[in-house]
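Accompanying notes for the structure given below.
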Amino acid sequence: MAALGRRGSGLVRAVLGVWQLGPEASRGWVCRLPSFLGYHPRCVSCIAGAAFAGPRLSSASRHYGPGSALDRFLGLAQPDSFLTPCVPAVSMHRDEQDLLLVHCPDMPENPRVLRVVLLGAPNAGKSTLSNQLLGRKVFPVSKKVHTTRCQALGVITEKEAQILLDTPGLISPIKQKRHHLELSLLEDPWKSMESADLVVVLVDVSDKWTRNQLSPQVLQCLTQYSQVPSVLVMNKVDCLKQKSVLLNLTAALTEGVVNGKKLKMKQAFRSHTPSTHRPSPEAKGSDTQPVGGSQRTGWPHFQEIFMLSALSQEDVKTLKQYLLAQARPGPWEFHSGVLTTQTPEEICANIIREKLLQYLPQEVPYNVQQRTEVWEEGPSGQLVIVQKLLVSKESHVGILIGQKGQLIAQIAQEAGRDLMDIFLCDVQLHLSVKLLK
């Protein structure tokens, strides 16, 4: 009874705190009420403070949509349906996340599951699309290549369907050495394809250097696992000034065949000739090889084509509903409270790495080592993280710190905000730079 009383008093204080912040900040409380009532083994002691976290949580809610349990508790305006899926948060505690990953799945009577592999050239937008499908940013996003350095699953659970989203990177041995990437990344795509139910091929149509053909690595995966159904997603269509370009690209990327039927796009074929194709500078590298000795640039076995912007909720919703409809009868692999298989520490390292790639020039961010010194829950329930950034060159120390320490402070602030959206608690992130001797 004492524990119940403390939980109840904590809930009252939390509700009053949110009321003081206003309804917009309260919308950031996605799915936290069940934690206070003891339905989920997830520790949540507080939300972020008003000055720093309140606006960020409210903006995240507007981005991913309202409809939390606390919204209904407070009587705030609801979306069209009370059945709006609740996006789980990730626990700040590794042991809780580990327990949830091995917890018996809370399946309905007729569960369905779909294992999806998302393939695409570097910078095609795989992480952005994955985050939008999941409803929360758990994968790092950067304009530079090879932002994601470890394989992890995203888990989407709605009603009786569960989607396992795998986004393995496609790299060559040369690029693995150049960017100091993990050796396991060379094997990840092939392991993922072995258990895939559906392959989603993502192409950035705004990149004039690569959009006219599928990458050799993607074609190799599709050819070797041709029995796995596949769909084509043409991303960033909002960046195209002339929508007619999509006809040319569709013809090239599908070889004029979709779902076993020839496309009636004669004009597109006439306008797409070898002379108009300009291979990218990277495509001219020694690590690019034709598949099976042929000059194939497209795949004629796609079942569907989606043209979208990964930043558009409506576009992504259409793709998400398609994926949910493709789920097949079978047992779930994870509890519905699982959003990703990453550990909290891996998520933190990836988010900080995203900021390093965003703000540091050229090869500098690829040579930064990260070492977490402190990871603990503070007295008010906040997550306290202390991480050292290790560099091998003295010149890199000054670059990373920035003038009067402004750059390292900005990286810490932006990474901390992203982590608050993931863990739904206040985050105090402290970064320092050290020269390796």
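Looking only at segment 217-244, count every residue that is outside any loop (DSSP other than H, G, I, E, B) and open to solvent by less than 30 Å² (accessible area, probe 1.4 Å) and tell me the total.
Of the residues in segment 217-244, 11 are outside any loop (DSSP other than H, G, I, E, B) and open to solvent by less than 30 Å² (accessible area, probe 1.4 Å).
Please identify the pairs in which a residue from segment 355-384 that is more than 18 Å from LEU429 (Cα to Cα) has its Cβ atom under 7 Å from the Cβ atom of a residue that is in a strand (DSSP E or B), counting only partners at least 6 apart or on another chain.
Listed by first residue and then by second, the contacts come to ASN367/VAL391.
Quick one: count up the residues across segment 102-141 that are within 20 Å of PHE334 (Cβ to Cβ) and either charged (D, E, K, R) or open to solvent by 40 Å² or more (accessible area, probe 1.4 Å) (or both).
12
In the set LEU339, LEU360, LEU311, which member is farther than 29 Å from ARG94 by Cα and open to solvent by less than 10 Å² (accessible area, probe 1.4 Å)?
LEU360
Does at least one position in segment 319-327 carry a residue that is outside any loop (DSSP other than H, G, I, E, B), in contact with a Phe, Trp or Tyr (Cβ under 8 Å, 6 or more places away or on another chain) and at pLDDT 95 or above?
Yes, segment 319-327 contains a residue that is outside any loop (DSSP other than H, G, I, E, B), in contact with a Phe, Trp or Tyr (Cβ under 8 Å, 6 or more places away or on another chain) and at pLDDT 95 or above.
Name every residue in segment 192-216 that is in contact with a helix residue (DSSP H, G or I) (Cβ under 9 Å, 6 or more places away or on another chain), part of a helix (DSSP H, G or I) and open to solvent by 20 Å² or more (accessible area, probe 1.4 Å), in order of residue number.
Within segment 192-216, just PRO216 meets the criteria.
Would you call THR372 polar (S, T, N, Q), surrounded by fewer than 16 Cβ atoms within 10 Å (Cβ to Cβ) and within 15 Å of ARG94 (Cβ to Cβ)? Walk me through how you get there before you give the answer.
Values: polar (S, T, N, Q): yes; surrounded by fewer than 16 Cβ atoms within 10 Å (Cβ to Cβ): yes; within 15 Å of ARG94 (Cβ to Cβ): yes.
Here the answer is yes, as THR372 does meet what is asked.
PRO108 - would you say it is modelled with pLDDT under 90 and not in a helix (DSSP H, G or I)?
On the way: modelled with pLDDT under 90: no; not in a helix (DSSP H, G or I): yes.
Answer is no for this residue.
The values are calculated or read from the model by the stated rules, or taken from the named source; none is laboratory data. Not measured: the values here are computed from a predicted model. When we count neighbours, we look across all protein chains shown, and the Cβ atoms used for this are built from the backbone with ideal geometry, even at glycine. Note: accessible area is taken over every heavy atom of the protein model, side chains too, but ligands, DNA and RNA are not part of it. Shrake-Rupley method; radii C 1.70, N 1.55, O 1.52, S 1.80 Å.
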